[in-house]
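Take a look at the structure set out below.
Derivation of every value follows stated rules applied to the coordinates shown; laboratory data play no part. Treat the numbers as computed from the prediction; the structure is a model and nothing was measured. Reconstructed Cβ throughout: ideal geometry from the backbone, glycine too, with neighbour counts over all protein chains shown.
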Amino acid sequence: MFLYVLLACVGFVQCFPNGLVSGSCGSLFPNHGSIAQTSSSPFTVIADKTAFKKGDEIRVSLNTQSGDYFKGFMLQANLVGSNNPIGIFTVTGNGAQVISCSNVANRSVSHTTNSQKTSMQAKWTAPISGQLGNIEFRATFVRNKETFWVGVKSSAVVYDGTGTTVTVAPTVPSNPDCGKTKVCFSQPSNCDPTTSTACYFMAVQTSSNQYEMTIEMFGQADGYVAIGFSDDQRMGNDDIYICGKNSNGILQVQHAYSTGRQTPNILSLGNVTNIKTALTNGNINCSFTSRNAISTGSRATSTIEYYLMIASGPTSGGNIQFHTTRYVSSTKADLLNPSLVTTNNEEFPAIVKAHGALMLIAWMTTGSIGMMIARYLKGVAKGQGLGGKDFWFLAHVSLMVLSVAATAIAFILVFSYAQDWAGGAHPVLGCLVMILSLIQPIVAAFRCEPQHERRFIFNWAHSFIALAIKALAVAAIFTGMELFEEYKTDGWMLKVMGGFITWEALMYILQDLNFRARKKDSDICSFGSMKPEIVLLMVFLLGNLAFLIALLVGIGTT
């Protein structure tokens, strides 16, 4: 019995549940009397930087995969190829402690108890003197006395002591593996970045268990190249990886989530390892291994089919700016089935551009002028016209018929092409405009005579529907412009549309002021024989045409 108790005590002591394992510094080998595992470690070591200088701080995370756990650990930093610990650690949470190595304090980090752990964090500070070079963080993970993994490494962290860009060059991606072991997407289609610097390229190689992806990206840019996974061909709710210059001009990999036209939300890098970067003659080249799950916000299925995206642009102070190039795959890619994915070369086909042009013509020009004539020009040439109808009425009806016809044609064109409701609020607003545009002439056809006691009901209904159509049409145009602007760089089309709304409001105010003045037998201004209403209408028309032409040119060149 005494022998059994003694053996139990020996086993307990050798497992070091208090983490005081200074004797394992350098080798990181625990004194358990067992053999280390040779299988791939279920745990990872991740540094939050890819480069450092003397005195820099780096946060290091120890993470687990697939819900696994570890009870003990030891972490240290070494020059690549060396086992001698360097730098100083501080702990950032409970369950960890710093320990001495070779009589130097805080050289390593270890556990304080043998409780089950899924992650741990520590902060490492680089030396401020001495010979430095590229480093790597190494850790030992202990599940129990017999099961442990020794020397699990992070990606190399590059020493940039001279202020110049020093990188660990990845393997330049090339087309021979595309369609065989990798899903590849490039612009121009099937270009090879090993032979063409004008090639934007991404490749994804997914492990058979779908848990790990090796990602490569390449492209020419002033600041960054980014790749994304999306449920649709628009920006928003996309999982993104960015390879771009930080404030020191050194390439770093970031994980982000796109919310649309705004700057993406930068996320924790997460379970990303084997980061390699290179910057050569303006060409950005990055590769890494990611064990992060792809998240596109609305995704509720377990399939891994996504549209692929590549974007590039400048950076400022380490922050990415609006992209100057953007390419989207024409179809979804199954990340488990190697393939060559082609570019959606024409983001907006001619039929979609025609839809946009017709809607602009209908509700910026013909519809707006028709409404203004009906409200402010009834008193001009009163009693003159054709077939017993005044000129203002004939002009109003003609212009509104053109507006409804253009709206109907635009509606039919885009739905025959898209055959779905993709596009967020824009198709809903468009449908409401179409429905009310058809209701308006039906209501007008059954109106009472002008002298009827209930004519006011038609007048109010007709005015209210017209106002609703105008408001919905403006909203539909703005949301439509946003779709076009996703493929432009400065948002000028939305600014022009905002200018048009301001211009139209100004003209309505002037017409209304003149209308009120006319009731008092005066004018806001005199134009000789020409009535102010006509002059204001002509000015309104010229301004509308200027705004309309600018936007039509924008659509045509998108």
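For the residues 453, 146, what sequence is obtained by ranking on other C-beta atoms within 10 Å, fewest first?
In increasing order of surrounding Cβ atoms, one gets 453, 146.
Once the cut-off is 30 Å, how many percent of the Cα-Cα pairs in the chain end up in the long-distance tail?
Cα-Cα pairs in the chain separated by more than 30 Å: 64 percent.
Please work out the FRET efficiency for the pair residue 131 and residue 105, using the Cβ-Cβ distance as r and a Förster radius of 30 Å; give the result to the nearest 0.05.
With R0 = 30 Å, the Cβ-Cβ based efficiency is 0.90.
What does the charge add up to near residue 368, with Lys and Arg as +1, Asp and Glu as -1, over the other residues with Cβ less than 13 Å from its Cβ?
My count for the surroundings of residue 368 gives +1.
What lysines could a cross-link reach from residue 389, if we take a straight Cα to Cα line under 24 Å and drop same-chain neighbours fewer than 8 places away?
Qualifying lysines at Cα under 24 Å: 378, 519, 531.
By the gyration tensor of its Cα atoms, with a ≥ b ≥ c the square roots of the eigenvalues, what is the shape of region 11-159: rounded for a/c under 1.5, prolate for a/b over b/c, or oblate?
prolate
Mind checking the angle between helix 2-14 and the chain's longest principal axis? C-alpha axes, 0 to 90 degrees, to the nearest 10.
50
Which of 238, 177 has the fewest other C-beta atoms within 10 Å, and how do the rest follow up to the most?
Final ranking by Cβ density, sparse to dense: 177, 238.
Apply 1/(1 + (r/R0)^6) to the Cβ-Cβ distance of residue 495 and residue 471, taking R0 = 25 Å, and write down the FRET efficiency to the nearest 0.05.
Approximately 0.80, to the nearest 0.05.
List, in the order given, every pair from 49/182; 49/71; 49/153; 153/276 whose Cα-Cα distance in the structure shown is over 19 Å.
Table pairs above 19 Å Cα-Cα are 49/182; 49/71.
What percent does the relative contact order of region 175-341 come to when contacts are Cα pairs within less than 8 Å and at least six residues apart?
Computed value for region 175-341: 28 percent relative contact order.
Could you put 497, 434, 217 in order, starting from the residue whose Cβ has the fewest other Cβ atoms within 10 Å?
434, 497, 217
Explain nothing, just the number: relative contact order of region 350-556, from Cα pairs under 8 Å at least 6 residues apart, as a whole percent.
Once divided by the residue count of region 350-556, the mean separation gives 26 percent.
Projected onto the charge dipole of region 324-455 (+1 at Lys/Arg Cβ, -1 at Asp/Glu Cβ, origin at the Cα centre), which of 366, 342, 426 gives the Cα projection farthest towards the positive end?
366
Tell me which of 384, 105, 47 sits at the most positive position along the dipole axis of the chain, charges placed on C-beta atoms (Lys, Arg +1; Asp, Glu -1).
384
Could you work out how far helix 455-485 tilts from the main Cα principal axis of the chain, as a 0 to 90 degree angle to the nearest 10?
Here the helix axis deviates by roughly 40 degrees.
Could you work out the relative contact order of the chain? I mean the mean sequence separation of Cα pairs under 8 Å and 6+ apart, divided by the number of residues, in percent.
10
Assign unit charges at the C-beta atoms only (+1 for Lys and Arg, -1 for Asp and Glu), then state the dipole size of the chain relative to its Cα centre in Debye, rounded to the nearest 20.
Computed about the Cα centre, the dipole is about 880 debye.
How big is the gap, in Å, between the Cα center of region 176-217 and the Cα center of region 243-258?
Their Cα centres are 20 Å away from one another.
Counting C-alpha atoms alone, how compact is region 422-558: give Rg to one decimal and Dmax as a whole number, in angstrom.
18.8, 57
In whole Hz, what ³J(HN,Hα) sequence does region 99-106 give by Karplus (6.51, -1.76, 1.60; θ = phi - 60°), x for Gly and Pro?
Couplings: 10, 8, 9, 6, 6, 10, 5, 6 Hz.
Would you mind classifying region 355-436 by shape? Square roots of the alpha carbon gyration tensor eigenvalues, ordered a ≥ b ≥ c; an a/c under 1.5 is rounded, otherwise it is prolate if a/b is larger than b/c and oblate if not.
prolate
If you plug each phi of region 89-97 into the Karplus form 6.51 cos²θ - 1.76 cosθ + 1.60 with θ = phi - 60°, what whole-Hz ³J(HN,Hα) values come out, in order, with x for Gly and Pro?
Per residue, the Karplus-derived 3J(HN,Hα) values read 9, 10, 8, 10, x, 6, x, 9, 8 Hz.
Once you sort the root eigenvalues of the Cα gyration tensor of region 175-341 as a ≥ b ≥ c, which label holds: rounded (a/c under 1.5), prolate (a/b larger than b/c) or oblate (the other case)?
Rounded.
Specify which residue in the list 535, 525, 497 is farthest towards the positive end of the charge dipole of region 461-542, using unit charges on the beta carbon of Lys, Arg (+1) and Asp, Glu (-1), about the Cα centre.
Of 535, 525, 497, it is 525.
When the chain is fully extended, how far beyond the present Cα-Cα distance does residue 351 get from residue 526, taking 0.36 nm per residue of separation?
Here the answer is 58.4 nm.
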